[in-house]
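The values are calculated or read from the model by the stated rules, or taken from the named source; none is laboratory data. Since the model is a prediction, treat every value here as computed from it, not as a measurement. Virtual Cβ from ideal backbone geometry, glycine too; neighbours counted across all protein chains shown. The area values use the complete protein model at the heavy-atom level, side chains included, leaving out ligands, DNA and RNA. Shrake-Rupley method; radii C 1.70, N 1.55, O 1.52, S 1.80 Å.
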Amino acid sequence: MTDLSHLPGRATERLRPVGRTTGEPMARPRRRLRLPFNPWHLLLAPLALLFAVPLIWLALSSVMSDAEINRFPPALWPSGIHLDGYRYVLGNAMFPRWFANSLIVSAVAVVSNLLLGTLGGYAFARMRFGGSRVLLVLMLATMAIPFQLTMIPTFLVMRRLGLIDTLGALIVPSLVTPFAVFLLRQFFLSLPRELEEAAWIDGCSRLRVLFQIVVPLSRPALSTVAVLTFLTTWNDLSWPLIALNHDANYTLQLGLTTFRGQHHTQWSAVMAGNVITVLPVLLAFLAAQKTFVRSITSTGLKG
């Protein structure tokens, strides 16, 4: 070892290793506190609870009596479980018919949007033909047109086809939407072309490549289109109110308006009917939640 005895005391202290002093143990590094969850959850959890408050209050109000709902200030917690609203809704002879009508219209709209949206989105994503970009721009421009401007022309077309006051008047305008075509086009653009080119070399036709290679890889986007189409069609009230006349053809949303009278409203039945109406949409979203998020994070990669 090097002899440092000939150096002054202060110089010797400066040459000592950092962190080591005579008779003192070496300081241990502080351990960082690790949470068992993501720190963002501390912010997102209260926000999620805030957005869930209307649904919670809806569920609680559905088991209240009309007197509790009409009381001012309104009751935040039911005094007991009152199922009069559910009995009235489920005992209504037309309610199962309304539920079936909504289910038929929504199911047909979902299937047709998945099929026609896939064909249209793949054509705009992979095929080049005259005026393809112009058609794409015109199709996207229709998304900016409000429903109030197309309401009368759509009604005239449906009347000319003889579909007014039938479920066909609700199904035909919803067979395919520009949003479904655009969303699927964006997702198809993010898929590698090499997979399709390899299938073409093996002799596959374009439709076979689409349905056997592209479609299985597009489940996140297809799930998103299915959920959003179901949500939009199931909750639609404006167009059924215009196109339907007889209560036997009412959808669920339109049928619930009959529970509100001019002089008296059965709010417990309205709340119970809304709970039953929300359940299919909520279950559909929860079932496709993961694929829904995956699609939203991947559809904007390429334009």
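Here are the numbers for this structure:
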quantity: The stretch 91-257 - percent of accessible surface contributed by carbon and sulfur, probe 1.4 Å; calculated: 68 percent
quantity: Extension gain from ASN245 to ARG260, taking 0.36 nm per residue of separation minus the Cα-Cα distance; calculated: 3.7 nm
quantity: Approximate spin-label separation LEU43-MET94, in nm, with each point projected 7 Å along Cα-to-Cβ; calculated: 4.9 nm
quantity: Span from the the stretch 49-80 Cα centroid across to the the stretch 136-163 one, whole angstrom; calculated: 39 Å
quantity: Inter-label distance, nm, simple model (7 Å from Cα along the C-beta direction), VAL278/LEU55; calculated: 0.8 nm
quantity: Efficiency of FRET between ALA198 and ALA144 - r from beta-carbon atoms, R0 41 angstrom, step 0.05; calculated: 0.55
